[in-house]
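Shown next, in structure tokens, is the structure this report addresses.
Just so you know, all these numbers are worked out from the coordinates, no wet-lab data involved. It should be emphasised that the depicted structure is a prediction, and the values quoted were computed from it without experimental measurement. Glycine gets a Cβ as well: all are built from the backbone with ideal geometry, and neighbour counts include every protein chain shown.
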């Protein structure tokens, strides 16, 4: 029997989640200035058990933001700096030979790699060859690593945040669309405002040391993740998400002319799933037990941005994936 959303326990969990997120924000804001929407979407991905691709120019505190969130949630944090010479075993781990000093007997032991953490930062993921990228992305999908014929489960909750620098593309290995699809959200960090940058400089050039306290733990986060999955979504909200995703597919019924003109490929069914999961998480963080169409709209750009592939016509006319998504949302609003 499915859980009853009217049960008092649902309201209690919702209140606990809302309070926990407020405390998390307070701790993160001790270190991070601004980036409110990015923080909201990062935690949304966390609650929905999805991974996040974070894109921004150097110096926008991407690593510091992720490390601070891990610290505030008392989760094990691991950073992997992706380089052209990084091997799959450097991520997942490798078997090493150990010798018993007393007997001289040798045996193999698996040394776990940095992937065995709750929060894994894959820094500049596009700077390593596809073979190494695939090792990380397989672990993201399966939540386990196979070594020596043995399957080793990864720590739960398991959350991968990969970063990319949008400026330097020389010597990089762009992620294929099939691998990009494994990331729930694609978030872009923008420059801070003048006032925010003044505060950043003031805080980081003084002797002030921020004391970030853990306000959540792994078991509590796992409970919140299960809670998000149990929240109901009305049929009209699910149909809106599926219709929005379907309209990104050129040449299909319901696709507008501008989609057929500017896109080579549209989003797959995983986008519809993540639109609903993201909408559920946003609703819960707002203190609601059921998502609205507006919640789907709020999460649409980070869910769809990396799942639609523009063509030469779009490049020639200066049309970006975000332009396409914004126009689809506007069309849907007009149709409603």
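Work out the FRET efficiency for residue 95 and residue 143 from their Cβ-Cβ distance, taking R0 = 25 Å, and round it to the nearest 0.05. Before the final figure, lay out the partial values.
Details: r = 21 Å, r/R0 = 0.83.
The value I calculate is 0.75.
State, to one decimal in nm, how far the label point of residue 205 lies from the label point of residue 270, with both points 7 Å from Cα in the Cβ direction.
4.4
Exposure proxy check: 191, 240, 173 ranked by fewest other beta carbons within 10 Å? It would help to have the intermediate numbers written out before the result.
Working: 191 12, 240 23, 173 16.
The order, fewest Cβ neighbours first, is 191, 173, 240.
Estimate the FRET efficiency between residue 105 and residue 63 by the formula 1/(1 + (r/R0)^6), using the beta-carbon distance for r and 41 Å for R0, to the nearest 0.05. Before the final figure, lay out each step's value.
Working: r = 43 Å, r/R0 = 1.05.
Using R0 = 41 Å, I get an efficiency of 0.45.
Based only on Cα atoms, what mean projected area does the convex hull of segment 39-128 have, in nm²? Before the final figure, lay out each step's value.
Working: hull surface 32.5 nm².
Answer in nm², one decimal: 8.1.
How far is helix 130-142 tilted, in degrees, relative to the longest principal axis of the Cα atoms in the chain, given as a value from 0 to 90 rounded to the nearest 10?
Approximately 80 degrees, to the nearest 10.
Roughly speaking, what is the stretch gain from residue 190 to residue 242, that is 0.36 nm per residue apart minus the C-alpha to C-alpha distance, in nm to one decimal?
Numbers: separation 52, 0.36 × 52 = 18.72 nm, distance 2.94 nm.
Full extension from residue 190 to residue 242 adds 15.8 nm.
With each label point set 7 Å from Cα along the Cα-Cβ vector, what nm distance links residue 83 and residue 151?
My value for the distance between the label points is 3.4 nm.
Build a GNM of the chain with springs between Cα atoms under 10 Å: which of 82, 108, 46 gets the top mean-square fluctuation?
108
So if each residue of separation counts as 0.36 nm, and I subtract the Cα-Cα distance between residue 235 and residue 112, what length gain in nm does that give?
Working: separation 123, 0.36 × 123 = 44.28 nm, distance 4.42 nm.
That pair, residue 235 and residue 112, stretches by 39.9 nm at full extension.
Helix-only mean residue ellipticity at 222 nm, the chain, DSSP H runs n ≥ 4 weighted -39,500 (n - 2.57), per residue, nearest 500. What is it?
Values: 14 runs with 158 residues, N = 336.
My calculation for the chain gives -14500 deg cm²/dmol from helical runs alone.
What is the spread of the Cα atoms of the chain along each of their three principal axes, largest first, in whole Å?
Dimensions of the chain along the principal axes of its Cα atoms: 78, 54, 51 Å.
Roughly how many Å is it from the Cα centre of segment 19-96 to that of segment 139-208, as a whole number?
6
On C-alpha positions alone, give me the angle between the axis of helix 8-28 and the longest principal axis of the chain, in degrees, nearest 10.
Tilt relative to the chain: about 70 degrees.
Considering only C-alpha atoms, what is the centroid distance from segment 281-334 to segment 100-137, in Å?
36
Among 106, 249, 226, which one shows the highest mean-square fluctuation when the chain is modelled as a Gaussian network with alpha-carbon springs under 10 Å?
Result for the chain, Cα springs under 10 Å: 106 fluctuates most.
So what's the angle, to the nearest 10 degrees on a 0 to 90 scale, between helix 269-285 and the longest Cα principal axis of the chain?
Rounded to the nearest ten degrees, it is 90.
At residue 317 and residue 219, where each label point lies 7 Å from the Cα along Cα→Cβ, what is the point-to-point distance in nanometres?
5.6
What fraction of the DSSP beta bridges in the chain is antiparallel, stated in percent and rounded to the nearest 5?
Counting only bridges with both partners in the chain, antiparallel ones make up about 40 percent.
Taking springs between alpha-carbon atoms closer than 10 angstrom, which of 98, 29, 195 fluctuates most in the Gaussian network model of the chain?
98
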